1. For the stretch 67-121, what are the residues that are β-branched (V, I, T) and in contact (Cβ under 8 Å) with a residue 60 or more places away in the chain?
2. Give A84, A52, A43 a once-over and let me know the one that is small (G, A, S), within 12 Å of A10 (Cα to Cα) and part of a helix (DSSP H, G or I).
3. Residues in the stretch 113-120: is at least one part of a helix (DSSP H, G or I) and aromatic (F, W, Y)?
4. Go through the stretch 69-107 residue by residue and tally those that are under 11 Å from the mean Cα position of the chain (by Cα), of a type in the set (A, V, I, L, M, F, W, C) and under 16 Å from H20 (Cβ atoms).
5. Surrounded by fewer than 19 Cβ atoms within 10 Å (Cβ to Cβ), hydroxyl-bearing (S, T, Y) and closer than 26 Å to I113 by Cα: does that describe S79?
6. Which one is surrounded by the fewest Cβ atoms within 10 Å (Cβ to Cβ) among residues in the stretch 52-66 that are without any contact (Cβ under 8 Å) to a residue 12 or more places away in the chain and small (G, A, S)?
7. Looking for something of a type in the set (V, I, T), closer than 30 Å to K119 by Cα, assigned to a helix (DSSP H, G or I) and in contact (Cβ under 8 Å) with a residue 60 or more places away in the chain - is there at least one such residue anywhere in the stretch 9-31?
Amino acid sequence: MAKTFEKLDAWKNAIDLAFHIYKITQDFPKEEIYGLTSQIKRAVVSISSNIAEGSGVGTNAGYIHHLKIAIGSLNEVDSLSIIANRLGYIANEDHKRIHNLIEKQGKLLYGLISYLGKKNK
């Protein structure tokens, strides 16, 4: 079975974002392991996972549904990263890097949704 999702820039960027989140959360306070750390990790993994899962459902409508879930998870990562930054868990420079990846991810996801929507017509 061909894994076409691995060729998508949206999936590749989501993996980069997850990598950065995992690296940064290594320095979060230990008391956050079951709170903010766990929540942001689950959300960031959900982005690439939904892109991959959606690519295999067999319909554009199903794929778009999963991409919209990925956008929800992306928004969650954005919100949680803002909280972590305000708490001083993420340095401003690291937060800027994450924010840029989040912005790029949003554009890639909305672009893919637009492309698939046009193919449906």
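1. From the stretch 67-121, those β-branched (V, I, T) are 69, 71, 77, 82-83, 90, 98, 102, 113; that's our starting set.
Across the stretch 67-121, the qualifying residues are V77, I90, I98, I102.
2. On the way: A84 fails: within 12 Å of A10 (Cα to Cα); A43 fails: within 12 Å of A10 (Cα to Cα).
Unique residue meeting the criteria: A52.
3. Initial filter on the stretch 113-120 (part of a helix (DSSP H, G or I)): 113-120.
Now restrict to residues that are aromatic (F, W, Y): 115.
Yes, the stretch 113-120 contains a residue that is part of a helix (DSSP H, G or I) and aromatic (F, W, Y).
4. Selection size over the stretch 69-107: 5.
5. Numbers: surrounded by fewer than 19 Cβ atoms within 10 Å (Cβ to Cβ): yes; hydroxyl-bearing (S, T, Y): yes; closer than 26 Å to I113 by Cα: yes.
When the stated conditions are applied, S79 passes them.
6. Our first condition is that a residue be without any contact (Cβ under 8 Å) to a residue 12 or more places away in the chain; within the stretch 52-66, this holds for 57-59, 62, 65.
Applying the additional criterion that residues be small (G, A, S) yields 58, 62.
Values: G58: 8, G62: 15.
Within the stretch 52-66, the match that is surrounded by the fewest Cβ atoms within 10 Å (Cβ to Cβ) is G58.
7. If we filter the stretch 9-31 for residues that are of a type in the set (V, I, T), which is where we start, we get 15, 21, 24-25.
Of the ones still in play, those that are also closer than 30 Å to K119 by Cα are 15.
Among the residues that remain, those that are also assigned to a helix (DSSP H, G or I) are: 15.
This time we only want the ones that are in contact (Cβ under 8 Å) with a residue 60 or more places away in the chain, so: none.
Checked against the condition, which is being of a type in the set (V, I, T), closer than 30 Å to K119 by Cα, assigned to a helix (DSSP H, G or I) and in contact (Cβ under 8 Å) with a residue 60 or more places away in the chain, the stretch 9-31 yields no hits at all.
For every residue, the table says whether it meets (1) buried (at least 20 other Cβ atoms within 10 Å of the Cβ); (2) at pLDDT 95 or above; (3) of a type in the set (S, T, Y); (4) within 15 Å of the chain's Cα centre (by Cα).
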residue	(1), (2), (3), (4)
K12	no, yes, no, yes
L17	yes, yes, no, yes
I21	yes, yes, no, yes
L36	no, yes, no, no
K41	no, yes, no, yes
S49	no, yes, yes, yes
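The values are calculated or read from the model by the stated rules, or taken from the named source; none is laboratory data. Keep in mind the model is a prediction, meaning the values are calculated, not measured. Don't worry about glycine lacking a Cβ; one is built from the backbone with ideal geometry, like all the others, and counts go over all protein chains shown.
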